[in-house]
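**Student:** Questions regarding the structure given below will be posed in turn.
Read-outs throughout are calculated quantities, based only on the coordinates presented, and are distinct from any laboratory measurement. Quick caveat, the model's predicted, so the values are computed rather than measured. Every residue, glycine among them, receives a Cβ derived from its backbone with ideal geometry; neighbour counts consider all protein chains shown.
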Amino acid sequence: MKYAKIALSTPINKLFTYQVPDDFQEKIAVGQRVLVPFGKKKLTGYVIELAGETDVPKLKEIEKIIDEQPVIIPSILKLSKWMSEYYLCPLGEVLASAYPSALKKPKRKQNSLPKKSDKQGGFVLTEEQSNALDSIKKDIDAEKAGIFLLFGVTGSGKTEVYVRAVQHVLEKNKQAVILVPEIGITPQIVERFKSRFNNEVAVLHSRLKPNERYLEFERILKGEVNIVIGVRSAVFAPLKNLGLIIVDEEHDSSYKQTETPKYNARDVAIMRAKLENAVCLLGSATPSLESYHKAQKGDYKILSLTERIEKRALPKVEIIDLREEFVKKGRPEIFSDVLKEAIATRLEKKEQVILFINRRGFSNFVLCRECGEVLTCRNCDVSLTFYKNKNVGKCHYCGDQKKIPELCPKCGGGSLQNFGFGTEQVETELKNYFPDAKIKRMDLESTRGRESFEDIYKAFLNQEIDILVGTQMVTKGFDFENVTLVGVISADTNLNLPDFRASERTFQLLTQVAGRAGRGEIPGEVIIQTYLPEHYAIQASREHDYKNFYAEELSFREGLNYPPFSFLTNIFIKGPNEERVKEASQKLVLSLCREKKDAKARLVILGPAEASISKIKRQYRWQIILKTNVRSFARKALVSAIERTELPKGVTIHFDIDPQGIM
Ligand SMILES: [Zn+2]
Ligand SMILES: [Zn+2]
């Protein structure tokens, strides 16, 4: 074989042909990584095809073969090709995100988390659990590519079903992948699997350094492990004999990659299971509208766990109307009296409290009371979040930060003031009310510094912390028996966003965070503070009523023709020159309109319009949204519209198939 077709991680969506030098002829194989010259650079490429002939003249040579053995196994190559077509993304970029980039062999290092005793080992399954397990086993035995939705309330023992399904797969001499959303949820589930299956488990979490990830990949490739647990990219784990893929908390938005390729690991998992005749098990207490809708239609088999294990009660949820609190006190306060009292009671009883606030920093924004100026980022059309500890304003989009000036930069007045609040301010006020309590904050900022996520997690587990204040990090999968109170400081942060998933997000967050309470023997209590107490997302989370929420939300989506009733593509047009960005957006819409005329399928084009955040990192942003009932048609229309549209200099187009939101 004299020629090789290579996929490269460049924005150009094609394979590149290279000459195979004579001394590589024996060694080269499909699935290897190679080093090739590309322009003036050297790039890592992936061998996709080998050929004896080519009609491409004047070829460059492959410089080096990186792997002795192919690292891309045939099933993953097939999956990656599907992704490349589905997400309109070059194959090289898909493979680059699937495979660790480290080339050298690193030293082995073990990092372990605090162990929690596996108290549920050997316990008897509930009837619902064993029914669910039986259905899953049946499909595993039949080697059918069945898709299950395990819909179980928080604390209903979904993990135990996962563990036993995996056990069954191993008995059949097959292998399993378990996807988890984020580091926050990983420690407990990882420990659970490790304590059951010891060394058979490889872990791919999001903070592995490239070389650590490489080591785990090597173990998987060599067949040393049969179980892989990991975040999003673990969906590519090169297991050769897959029997089961589990997607825990399938609704979670962290399964969606925000950079190219913008894939959703849940959807990729379903496709991988189909291609390899494996079973796919989606689990959630708050399934995404799409998944539940598919289950209703009969595309997925639904398995319900309606009760918590040991018949423990779901926590009692109380809604506090912040409008009434405001009238009563004449000013806004972070803590209602009810919440303060509830915290005091728990502290007395030496029980633990989780407080959730979906915003980092001290305050939302800094505003001049004299002229109305809001301090904004110099690179983005975004207000700066105030951090009191460091006295800086920070941009959450580009990371830029600056000292807060004494005087207003616009009018020179001395009336700059911060508005809104975040985790830092909640922590500060909490310390005023409860000076003796041990309080810790868990958010992106606090876990980046001296104390890691593990340190705080461990301290909370050992009951060295009374109150944990945190962002989304504290909502997912935490299972601490001594937590009896969960307070939601403000339920409205997400609800007011102009996005079609705003209600769904809110319901999911509230249900998940509420689920952290009362997982031990003492019943739990949840207090939700809100300015919108009548909203159906909030009402439904009070009653733990997914089905009611689903019915309301589904009719809202149907009315506006949003998913699951249509498929969306979100297109961003970006560039440093505002006029050119606008011009390119208009041209693209014209090309899209022309595509629309030829078709029988329905294609709705919304825009072009300035994006709701009109500038990020000095790039102006315009937006077009495509809605369609036939996915493949929208893709085709987009591809040929882009081909036909000549872009002004500096302008780039980015698209997101099945976006999580439209902002
Ligand atoms: Zn001013
Ligand atoms: Zn910025």
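**Student:** Could you sort the peptides 407-419, 613-625 by per-residue average Cβ neighbour count (10 Å cutoff), highest mean leading? Can you show the working numbers first?
**Tutor:** Numbers: 407-419: 13.8, 613-625: 18.9.
Averaged packing, sorted descending, gives the order 613-625, 407-419.
**Student:** Most exposed first by the Cβ proxy, i.e. fewest other Cβ within 10 Å, how do Leu35, Leu204 rank? Working shown, then result.
**Tutor:** On the way: Leu35 15, Leu204 24.
Listing Leu35, Leu204 from fewest to most nearby Cβ atoms yields Leu35, Leu204.
**Student:** Expressed as a whole percent, how much of the Cα-Cα distance distribution for the range 127-310 exceeds 25 Å? Don't skip to the answer; put the middle values down first.
**Tutor:** Values: 4436 of 16836 pairs.
Considering the range 127-310, 26 percent of its Cα-Cα pairs are separated by more than 25 Å.
**Student:** Show that you can apply the helix-only estimate: for the chain, add -39,500 (n - 2.57) for every DSSP H stretch of four or more residues, divide by all residues, and state [θ] at 222 nm to the nearest 500.
**Tutor:** Numbers: 17 runs with 204 residues, N = 663.
Taking each H run of at least 4 residues, the total per residue is -9500 deg cm²/dmol.
**Student:** Within the range 606-662, which GluC sites (Glu not before Pro) sit in a loop by DSSP and count at most 14 neighbouring Cβ atoms inside 10 Å? The partial results should precede the final answer.
**Tutor:** On the way: sites: Glu610, Glu643, Glu646; in loops: Glu646.
Filter output for the range 606-662: Glu646.
**Student:** Let me ask something additional. Tell me which residues come under 5 Å, amide H to amide H, from Ile320 once H is placed; ignore anything under 5 positions away on its chain.
**Tutor:** So Ile320 has HN proximity to Ile528, Gln529, Thr530.
**Student:** If the label point is 7 Å along Cα→Cβ of Glu373, which residues in the range 388-405 have backbone nitrogen under 12 Å from it?
**Tutor:** Only 405 pass the distance filter.
**Student:** Next question. I'd like the antiparallel share, as a percent to the nearest 5, of DSSP beta bridges with both residues in the chain. Provide the component values of the computation, followed by the final result.
**Tutor:** On the way: 55 of 107 bridges.
DSSP beta bridges in the chain are roughly 50 percent antiparallel.
**Student:** Can you work out the Karplus-derived ³J(HN,Hα) for every residue in the range 497-504? Use 6.51 cos²θ - 1.76 cosθ + 1.60 with θ = phi - 60°, whole Hz, and x for glycine or proline.
**Tutor:** Listing the rounded values in order: 6, x, 9, 5, 9, 4, 5, 4 Hz.
**Student:** Here is a follow-up. Mind checking the full-extension length gain between Asn391 and Cys411? Use 0.36 nm per residue of separation minus the Cα-Cα distance, one decimal, nm.
**Tutor:** Details: separation 20, 0.36 × 20 = 7.20 nm, distance 2.08 nm.
Going from the current span to full extension adds 5.1 nm.
**Student:** Sticking with this one: Of Lys78/Lys172; Lys41/Lys209; Lys262/Lys431; Lys137/Lys256; Lys297/Lys476; Lys431/Lys547, which pairs sit farther than 31 Å apart, going by alpha carbon to alpha carbon?
**Tutor:** Numbers: Lys78/Lys172 24 Å; Lys41/Lys209 24 Å; Lys262/Lys431 42 Å; Lys137/Lys256 29 Å; Lys297/Lys476 28 Å; Lys431/Lys547 39 Å.
Check vs 31 Å cut-off fails for Lys262/Lys431; Lys431/Lys547.
**Student:** Now a separate question. Quick one: putting +1 on the C-beta of Lys and Arg, -1 on the C-beta of Asp and Glu, what dipole do you get for the chain around its Cα centre, in Debye to the nearest 20? Don't skip to the end; give the middle numbers.
**Tutor:** On the way: 102 positive and 87 negative charges, 392 e Å.
Rounded to the nearest 20 debye, it is 1880 debye.
**Student:** Using 1/(1 + (r/R0)^6) with R0 = 45 angstrom and r between the beta carbons of Thr345 and Lys40, what's the FRET efficiency to the nearest 0.05?
**Tutor:** Values: r = 68 Å, r/R0 = 1.51.
For R0 = 45 Å, the calculated efficiency reads 0.10.
**Student:** Another question, then. Filter the GluC sites (Glu not before Pro) in the range 193-238 to those in DSSP coil with at most 13 other Cβ atoms within 10 Å of their Cβ, and list the result.
**Tutor:** Passing sites in the range 193-238 are Glu224.
**Student:** Next question, about the same structure. Average the reciprocal distances over every distinct pair of alpha-carbons in the chain, invert the result, and give the Kirkwood radius in Å.
**Tutor:** Details: mean 1/r = 0.0369 Å⁻¹.
One over the average 1/r among Cα pairs gives 27.1 Å for the chain.
**Student:** For the chain, build the charge dipole from Cβ charges (+1 Lys, Arg; -1 Asp, Glu) around the Cα centre, then report which of Ala637, Leu407, Ser288 sits farthest towards its positive end.
**Tutor:** Result: Ala637, furthest along the dipole toward the positive end.
**Student:** Estimate the FRET efficiency between Ala142 and Leu59 by the formula 1/(1 + (r/R0)^6), using the beta-carbon distance for r and 41 Å for R0, to the nearest 0.05.
**Tutor:** Values: r = 48 Å, r/R0 = 1.18.
Efficiency at R0 = 41 Å is approximately 0.25.
**Student:** Ranked highest first by the average count of other Cβ atoms within 10 Å around their residues, in what order do 7-18, 316-327 fall? Please list the in-between numbers first.
**Tutor:** Values: 7-18: 17.6, 316-327: 15.7.
Per-residue Cβ counts within 10 Å, averaged per peptide and sorted highest first, yield 7-18, 316-327.
**Student:** Moving on to the next point. Given R₀ = 60 Å, FRET efficiency for Asp545-Glu68 by Cβ-Cβ distance, to 0.05? Show your work: numbers first, answer last.
**Tutor:** Details: r = 57 Å, r/R0 = 0.95.
That pair, Asp545 with Glu68, gives E of 0.60.
**Student:** How large is the charge dipole for the range 127-310, taken about the Cα centre, if only the Cβ atoms of Lys, Arg (+1) and Asp, Glu (-1) carry charge, to the nearest 20 debye?
**Tutor:** Numbers: 26 positive and 26 negative charges, 95 e Å.
Approximately 460 debye in magnitude.
**Student:** If the cut-off is a Cα-Cα distance under 17 Å, which aspartates and glutamates reach Lys174, setting aside same-chain residues fewer than 8 apart in sequence?
**Tutor:** Within reach: Asp139, Asp141, Glu143, Glu200, Glu224, Glu276.
**Student:** Taking the alpha-carbon centroid of each part, what is the distance from the range 180-230 to the range 584-648 in angstrom?
**Tutor:** For the range 180-230 versus the range 584-648, the Cα centre distance is 40 Å.
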